[in-house]
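Before any comments, here is the structure.
Derivation of every value follows stated rules applied to the coordinates shown; laboratory data play no part. Since the structure is predicted, the reported quantities are computational estimates derived from the model, not experimental observations. Please note: Cβ atoms are built from the backbone with ideal geometry, for glycine as well, and neighbour counts cover all protein chains shown.
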Amino acid sequence: MSSLDVALIRQDFPILDQRQDGKKLVFLDSAASSQRPRQVLSAMDELYEHSYANVHRGVYQLAERATNGYEGARKKVADFIGAGSTNEVVFTKNATEAINLVAHSWGRPNLGPGDAIVLSMLEHHANIVPWQMLAVELGFEIRWIPVTDDGQLDLADLNTLLDGAKLLAVTSMSNVTGSITPVDLLVAAANNAGAKVLIDACQSVPHMATDVTAMGADFVAFSGHKMLGPSGIGVLWGREELLDSMPPFLGGGGMIINVTTEGFTADGLPGKFEAGTPPIAEAVGLGAAIDYLQTIGMDEIRRHEVELTAYALRTLDEELGSAVRVFGPSEPAARGGVLSFELADVHAHDVSQILDSEAVCIRPGHHCAKPLMKHFGVAATARASVYIYNDTDDIDALVAALKKARDFFAI
Amino acid sequence: MSGLEDLYREIIIDHYRSPRNRGQLETPPAHRAEGFNPLCGDEVVIFIDVDDDGLVTDIKIDGQGCSISQSSASMMSAAVKGKSVDDAKALTSTFKSMMSVHSAEIGGDGSEADADAQAIDTELPLGDLEALRGVVKFPVRIKCATLSWNTLSQAFDELASSPDTE
Ligand SMILES: Cc1ncc(COP(=O)(O)O)c(C=O)c1O
């Protein structure tokens with residue numbers, strides 16, 4: 001039935017092959033962080049066991065192999081997202097650091113009193129707080145694209161919001177509602193207004209094909225740990241001439257051409273933005289994750305998740321009806337595999353607790369999107385999210401556990 | 001669902017379903033204090049009236065949260081209403097030691113382990129609050145149970161340091 005052979009895929013994920021209190025573990029929290037296949041773990045082990053040394057500058061063969069592994073991963077990322085050059089791929093600690101890099105190296109020289117930037121109400125705190133911190137310091141205005149009742153961007157006043165703005169920083173897919181935003185339209189409108197565009201692609205890059213060149217944005221940020229890679233590595237893609245024109249972010253070793261007592265000369269791209277020893281094994285792991293994703297095929301992954309989301313929405317409705325309120329678009333093709341919901345009047349924390357006793361892992365809380373929570377008038381939602389290793393059995397387990405939660409609190 | 005019954009005792013569900021002292025008081029004369037659980041977004045707002053003799057004459061609870069945070073707040077309000085501030089503080093300390101002695105044993109969050117040895121001497125009967133004892137088996141939920149108590153302590157601190165409330 002499914003586009004993917006999930007049973008076969010699951011064999012690659014040792015962590016999923018476990019029982020909790022005798023029950024099959026059902027992992028539905030990949031929007032927070034995915035699991036990783038053996039192929040990723042062994043690529044990292046292989047580096048540590050045979051080819052590890054610090055990257056760059058080393059003359060011995062071990063160091064050369066480590067550098068090749070690290071730079072090879074950069075090439076894999078560049079190809080995976082359709083970057084024009086490896087110079088456009090900067091490794092960071094995570095998406096949060098990637099966005100902070102843009103805030104400091106592009107924002108600081110370009111924003112000041114009287115300026116404005118545009119965010120959306122769908123944003124993760126990672127794409128809000130760095131801008132608020134900078135706004136306190138530099139005194140620019142932050143404008144907000146509102147959200148409709150079904151969790152999609154309300155673009156009615158987009159051109160007014162963008163008028164005179166210097167930057168549009170917006171998500172490509174909400175980590176709360178799964179809403180996919182119309183990136184093409186947003187980029188076109190921002191270009192028209194002369195604003196730069198940063199896309200927070202944390203939730204879309206792991207789940208659908210990405211072509212940053214076709215997207216036309218100026219910056220794209222995402223994290224390795226949500227796409228089968230290890231934690232500790234993220235990516236900032238930026239247009240080369242723009243990155244080139246920006247001052248460095250962090251200072252230290254690895255980002256300079258020359259240092260004297262008088263000052264320093266920054267390295268070229270991408271080293272300029274990679275101060276200090278980078279996440280070497282993590283980059284290699286991310287490269288292996290990309291190989292794995294490409295073997296399966298991003299379009300197949302997307303198709304699988306749309307099918308699974310449709311199944312989940314249908315089953316929740318059939319089995320729980322009005323007891324469940326799902327946030328976000330009702331059309332599966334308009335969203336990613338992220339389902340935020342409320343179960344009757346049971347608080348998300350309590351829902352997750354009961355689900356944990358059924359070995360179903362979901363996440364309660366504000367999902368680092370408090371402005372959006374406020375818009376929906378809730379303090380917290382329960383969130384289930386799917387990936388390549390989930391199937392309809394997992395959804396059935398979710399629904400069965402939700403019924404238990406409903407009944408438990410109906411006493 | 002073994003273990004869940006320890007967490008979700010009937011009396012907890014009862015306080016969750018029918019919270020006591022729910023609402024707001026006019027400020028001033030009442031004092032308002034709010035507490036957040038940054039992990040889950042839960043929020044508790046306490047309105048408290050303390051008279052010249054240091055008696056908690058009225059208390060109201062507002063905000064939103066899970067069954068544990070809401071029932072703990074409800075029970076707390078019932079337990080401290082009519083008590084002296086000193087007794088309410090002693091009760092807070094007893095309650096927190098019930099939560100934190102265990103959380104220390106199981107390696108829980110040290111930030112809650114601030115109950116001093118004195119608390120053992122001044123232990124007060126916890127009554128209904130005993131029902132929350134099961135929470136210590138679920139370390140991530142301890143913060144839910146202590147949220148309203150921390151907010152109460154904060155309210156007392158604010159009252160003590162603000163000259164406009166004699
Ligand atoms: C949409 C979105 N943006 C940003 C982030 C931040 O990612 P990280 O914590 O890996 O920096 C997340 C992850 O939680 C996310 O879902």
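A compact table of results
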item: Simple Cβ-charge dipole of segment A:153-252, Lys/Arg +1 and Asp/Glu -1, about Cα centre, in debye nearest 20; result: 260
item: Table column - 3J(HN,Hα) (Hz), segment A:132-139, Karplus curve with 6.51, -1.76, 1.60, x for Gly and Pro; result: 5, 4, 5, 5, 4, 6, 9, x
item: Relative packing of peptides A:5-18, B:83-96 - highest average C-beta neighbours within 10 Å first; result: B:83-96, A:5-18
item: Between segment A:347-383 and segment A:91-153, the alpha-carbon center distance in angstrom; result: 25
item: Cβ-defined net charge surrounding A:ALA310, 14 Å radius [Lys, Arg +1; Asp, Glu -1]; result: -2
item: Dipole moment magnitude, nearest 20 debye, the protein assembly as shown about Cα centre, only Lys, Arg, Asp, Glu C-beta charged; result: 1020
item: Segment A:24-68: relative contact order as a whole-number percent, Cα under 8 Å and 6+ apart; result: 24
item: Whole-Å distance, taken between Cα centres, linking segment B:1-76 and segment A:210-287; result: 48
item: Of A:ALA281, A:ALA165, A:ALA188, farthest towards positive along the dipole that unit charges on Lys, Arg, Asp, Glu beta carbons give segment A:41-295; result: A:ALA281
item: Rounded to 5, percent antiparallel among DSSP beta bridges of the protein assembly as shown; result: 70
item: Overall form of chain A per C-alpha gyration tensor (a/c, 1.5; a/b vs b/c); result: oblate
item: Between helix A:183-193 and chain A: long-axis angle, C-alpha atoms, 0 to 90°, nearest 10; result: 40
item: Listed pairs A:LYS226/A:LYS403; A:LYS404/B:LYS89; B:LYS60/B:LYS89; A:LYS24/A:LYS76 exceeding 27 Å between Cα atoms; result: A:LYS226/A:LYS403; A:LYS404/B:LYS89; A:LYS24/A:LYS76
item: Neighbourhood charge, 11 Å Cβ-Cβ cut-off, centred on A:GLY58 and excluding it, Lys, Arg +1 and Asp, Glu -1; result: +1
item: Using θ = phi - 60° and Karplus 6.51 cos²θ - 1.76 cosθ + 1.60, couplings along segment A:301-316 (whole Hz; Gly, Pro as x); result: 4, 4, 4, 4, 6, 5, 4, 5, 5, 4, 4, 5, 4, 5, 5, 4
item: Other-chain or far-sequence residues with amide H under 5 Å of B:GLY63's (modelled H); result: B:VAL45
item: Counted charge near A:ALA209, where neighbours are those whose Cβ lies closer than 13 Å (Asp, Glu -1; Lys, Arg +1); result: -3
item: Whole-Hz ³J(HN,Hα) from phi, Karplus 6.51 cos²θ - 1.76 cosθ + 1.60, for segment A:230-243, glycine and proline x; result: x, 6, x, 9, x, 10, 10, 9, x, 4, 4, 5, 6, 4
item: Per DSSP, loop GluC sites (Glu not before Pro) in segment A:210-273 with at most 16 further Cβ within 10 Å; result: A:GLU262
item: Mean separation of Cα contacts under 8 Å, 6 or more apart, over the residue count of chain A: relative contact order %; result: 22
